[in-house]
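J.: Please find one structure pasted underneath; my questions will follow.
The values are calculated or read from the model by the stated rules, or taken from the named source; none is laboratory data. Since the model is a prediction, treat every value here as computed from it, not as a measurement. Positions of Cβ are backbone-derived with ideal geometry, glycine not excepted, and every protein chain shown enters the neighbour counts.
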Ligand code: ADP
C-alpha cells in the first residue's frame with residue numbers, strides 16, 4: 001500500500017489532499033464541540049449565579065422574601081417550608097446550610113437528597129463552584145457563606161443540572177461523528193477524482209512521449225493548444241526534439257562527409273598498393289610514383305583525422321583548460337612561425353597589434369585558430385600580403401586576418417565554416433586541404449563564447465574576423481603578464 005502511494009503521484013496528491021482536508025474538518029468540529037461545551041457550562045453558571053445572588057441580596061439587605069413580608073428573621077423565612085420554591089425549578093436545586101454546615105432547608109425537588117456538608121472553614125462572602133453527583137446525574141454547585149444580621153452565618157447552595165446539557169453535548173458529538181464519517185467518504189472520493197483528472201494528462205503526455213522513438217524524431221506532440229503548464233512542457237519537449245533531430249541530421253551528414261573524404265585517399269592508397277604488388281619489381285619508376293602517392297595520401301588521411309580530433313575537442317567545451325592569454329602575443333608567435341612558407345610564396349606576412357586584449361582561453365586551441373586562418377590566407381593568396389591585426393573593442397578582443405588573395409564569393413561566405421566545405425575553385429585547382437580548417441576555427445571561437453565571420457577585403461582579398469570575450473581589466477592583466485615575461 002505505502003509502496004503504491006510512494007510510486008504514484010496521483011495517490012500521493014490524493015492522500016495528502018484528503019488528509020489535509022480531514023484534519024481541517026476534524027479540527028473545526030473539535031472547536032465546535034469545545035465552544036458548545038463552554039457555552040452550555042456558562043449558561044448553567046449564569047443560572048446558579050442569578051439565583052445565588054438573588055438570595056444573597058435578600059440576606060444581606062435582610063429584605064423580606066417575596067411571599068412573606070418582613071415580620072420574621074431572614075433565616076427563619078428561608079427555612080420555612082416552601083419558601084425556596086420561589087427559585088427552584090426542574091433544573092435548579094437549592095439548599096441552605098447553617099453556620100456549622102448542616103442543612104436547614106432545601107427545595108422540594110431535592111426530596112431526601114442533600115449536597116453533602118461544606119464544612120465551616122469557607123470564608124464569608126466568597127463564592128465557590130464545584131460539581132456534585134446526585135442519583136439522577138451531575139450538577140454544578142455554587143456555595144456562598146453569608147453573615148446574618150444577628151451575627152450568625154448561613155451557606156446558600158444553588159445547583160443546576162448538568163446531565164441535560166451533557167446529553168445535548170453527547171448528541172451533538174454523535175451528529176458530528178456521522179457528519180465526519182460522511183465527510184471522510186466524500187473527501188476521499190473527491191480527492192481521488194480531482195487527483196486523477198489532474199494527473200490524467202501527464203499519463204497521456206508520457207504515452208505520447210514514449211511513442212516517439214529515436215527513429216521518429218520528426219514527430220511532434222503538438223500540444224500547443226493547451227495554455228497550461230503541461231502545454232508548456234510539451235512545447236519544450238517538441239523544441240528539444242527539433243534540436244535532437246537537427247543534431248542527429250548534422251551527425252549523419254558529418255559521418256557521410258567524413259567517410260566520403262576518407263574514402264578518396266584510402267582508394268588511392270589501395271590502388272597504389274595493388275600496383276606495387278604486381279609491378280613493383282619490374283617497373284622501378286612506377287614503384288617510386290606509387291610510394292610517393294601512398295605517402296601523400298596517408299599524410300592527407302592523417303590531416304583529416306587530426307582535424308576531426310581537434311573539432312571533437314573544441315566541441316566538447318567544458319573540460320578545456322583555460323588561462324589568461326594575450327591574443328596579440330599568440331598572433332605574433334604564429335606570424336613568426338609561418339614566415340618561411342609566406343616568404344617561399346613571395347608574400348609579406350606581418351603582424352600589427354593595436355591593443356593587447358587578454359582572453360581567458362585554451363592556449364593550444366587559440367593558437368590552432370590563428371594558425372588555421374593564417375595558413376589559409378597564405379595558401380589562397382598568390383601575391384601581396386597577409387596581415388594579422390589584434391585590437392580591443394569594449395568587452396571584446398578582435399583578431400583580423402586579412403589577405404590580398406582571390407576573396408570568397410558572397411554566397412560561399414556562409415558555407416566556408418561548414419565541415420568539409422571547400423569552394424569549387426579550391427577543389428578544381430587541387431589546393432591541398434581537408435575542408436575542416438574553418439569548421440575548427442568556428443568551433444574554437446564558439447567554445448570560448450566568441451564568433452568568426454568572413455568579410456571581403458576590398459578591392460580584393462578576404463578578412464576573417466574573430467571576436468572573443470576579453471577579460472575585464474585587460475590593461476592590468478596585460479601589465480602583469482608583461483612583467484611576468486620580462487622578469
Ligand atoms: P581547406 O582550407 O582545408 O580547404 P577550410 O575549412 O580551411 O578548408 O576552408 C574552406 C574553404 O574556404 C576553402 O576550401 C576555401 O575555398 C575557402 N577559403 C578559406 N580561407 C580562404 C581565404 N583566405 N581566401 C579564399 N578562400 C578561402
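J.: State yes or no: is residue 311 in contact with a helix residue (DSSP H, G or I) (Cβ under 6 Å, 6 or more places away or on another chain), farther than 22 Å from residue 454 by Cβ and either within 13 Å of the ligand (Cβ to nearest atom) or not in a helix (DSSP H, G or I) (or both)?
T.: Criteria not met by residue 311.
J.: Within region 455-469, which residues are modelled with pLDDT of 85 or more and either over 15 Å from residue 327 (Cβ atoms) or in contact with a helix residue (DSSP H, G or I) (Cβ under 8 Å, 6 or more places away or on another chain) (or both)?
T.: Answer for region 455-469, where residues must be modelled with pLDDT of 85 or more and either over 15 Å from residue 327 (Cβ atoms) or in contact with a helix residue (DSSP H, G or I) (Cβ under 8 Å, 6 or more places away or on another chain) (or both): 455, 456, 457, 459, 460, 461, 462, 463, 464, 466, 467, 468.
J.: Criterion first (within 13 Å of the ligand (Cβ to nearest atom), crowded, with 17+ Cβ neighbours inside 10 Å, at pLDDT 95 or above and under 29 Å from residue 251 (Cβ atoms)) does residue 452 satisfy it?
T.: For residue 452, the condition - within 13 Å of the ligand (Cβ to nearest atom), crowded, with 17+ Cβ neighbours inside 10 Å, at pLDDT 95 or above and under 29 Å from residue 251 (Cβ atoms) - is met.
J.: Look at residue 348 and say whether it is under 30 Å from residue 250 (Cβ atoms) and surrounded by fewer than 21 Cβ atoms within 10 Å (Cβ to Cβ).
T.: No, not satisfied.
J.: Only residues in region 392-409 that are over 23 Å from residue 349 (Cβ atoms) count as the first member; pair them with residues that are within 14 Å of the ligand (Cβ to nearest atom), Cβ under 8 angstrom, at least 6 apart or cross-chain, and list the lot.
T.: 409/423
J.: Hey, another quick one. If residue 420 passes every condition in (1) under 50 Å from the mean Cα position of the chain (by Cα); (2) within 16 Å of the ligand (Cβ to nearest atom); (3) on the phi < 0 side of the Ramachandran plot but one, which one does it miss?
T.: With respect to (1) under 50 Å from the mean Cα position of the chain (by Cα); (2) within 16 Å of the ligand (Cβ to nearest atom); (3) on the phi < 0 side of the Ramachandran plot, residue 420 is out only on (3).
J.: While we're here: Quick test of your reading of the structure: residue 356 fulfils all but one of (1) under 23 Å from residue 306 (Cβ atoms); (2) surrounded by 17 or more Cβ atoms within 10 Å (Cβ to Cβ); (3) touching a strand residue (DSSP E or B) at 6+ places or on another chain (Cβ under 7 Å). Name the failing condition by number.
T.: With respect to (1) under 23 Å from residue 306 (Cβ atoms); (2) surrounded by 17 or more Cβ atoms within 10 Å (Cβ to Cβ); (3) touching a strand residue (DSSP E or B) at 6+ places or on another chain (Cβ under 7 Å), residue 356 is out only on (1).
J.: Could you grab the pairs with beta carbons closer than 6 Å, sequence gap of 6+ or different chains, first residue in region 110-129 and assigned to a strand (DSSP E or B), second one modelled with pLDDT of 85 or more?
T.: Within 6 Å, the pairs are 124/145; 124/147; 127/144; 128/143; 129/142.
J.: Answer yes or no as to whether residue 369 is buried (at least 20 other Cβ atoms within 10 Å of the Cβ), within 10 Å of the ligand (Cβ to nearest atom) and either without any contact (Cβ under 8 Å) to a residue 40 or more places away in the chain or closer than 23 Å to residue 314 by Cα (or both).
T.: So residue 369 does not fit the description; no.
J.: Return the residue satisfying two criteria in turn: it lies in region 374-395 and is surrounded by 17 or more Cβ atoms within 10 Å (Cβ to Cβ) and part of a strand (DSSP E or B), and of such residues it is farthest from the ligand (Cβ to nearest atom).
T.: Ranking the candidates gives 392 first.
J.: Considering only region 86-93, I want to know if a residue exists there that is part of a strand (DSSP E or B) and either under 60 Å from the mean Cα position of the chain (by Cα) or free of Cβ contacts under 8 Å to residues at least 60 places away in the same chain (or both).
T.: Checked region 86-93: at least one residue is part of a strand (DSSP E or B) and either under 60 Å from the mean Cα position of the chain (by Cα) or free of Cβ contacts under 8 Å to residues at least 60 places away in the same chain (or both).
J.: Please go through region 314-345 and give me each residue that is in a helix (DSSP H, G or I), under 46 Å from the mean Cα position of the chain (by Cα) and over 30 Å from residue 250 (Cα atoms), ordered by number.
T.: Listed by number, the residues that qualify are 327, 328, 329, 330, 331.
J.: Let me spell it out: the conditions are (1) buried (at least 17 other Cβ atoms within 10 Å of the Cβ); (2) over 28 Å from residue 121 (Cβ atoms); (3) modelled with pLDDT of 80 or more, and residue 84 meets all of them except one. Which number is the exception?
T.: The failed condition is (2).
J.: Answer yes if at least one residue in region 284-298 is within 21 Å of residue 390 (Cβ to Cβ), part of a helix (DSSP H, G or I) and without any contact (Cβ under 8 Å) to a residue 12 or more places away in the chain, and no otherwise.
T.: Looking through region 284-298, none of the residues is within 21 Å of residue 390 (Cβ to Cβ), part of a helix (DSSP H, G or I) and without any contact (Cβ under 8 Å) to a residue 12 or more places away in the chain.
J.: Are there any pairs with C-beta distances below 9 angstrom linking a residue in region 419-436 that is farther than 17 Å from residue 308 by Cβ and assigned to a loop (DSSP other than H, G, I, E, B) to a residue that is at pLDDT 75 or above and within 6 Å of the ligand (Cβ to nearest atom), with the two at least 6 apart or on different chains, and if so which?
T.: As it stands, the answer is 423/408; 423/416; 431/380; 431/422, since those pairs meet every condition given.
J.: What about residue 143, is it at pLDDT 80 or above and closer than 17 Å to residue 47 by Cβ?
T.: Yes: the conditions hold for residue 143.
J.: Okay, moving on. Can you work out which of the residues in region 397-411 that are at pLDDT below 95 and away from the ligand (no atom under 12 Å from the Cβ) is surrounded by the most Cβ atoms within 10 Å (Cβ to Cβ)?
T.: The qualifying residue surrounded by the most Cβ atoms within 10 Å (Cβ to Cβ) is 410.
J.: Let me ask something else. Please enumerate the residues belonging to region 136-162 that are part of a loop (DSSP other than H, G, I, E, B), under 15 Å from residue 92 (Cα atoms) and more than 60 Å from the chain's Cα centre (by Cα).
T.: Matches in region 136-162: 136 only.
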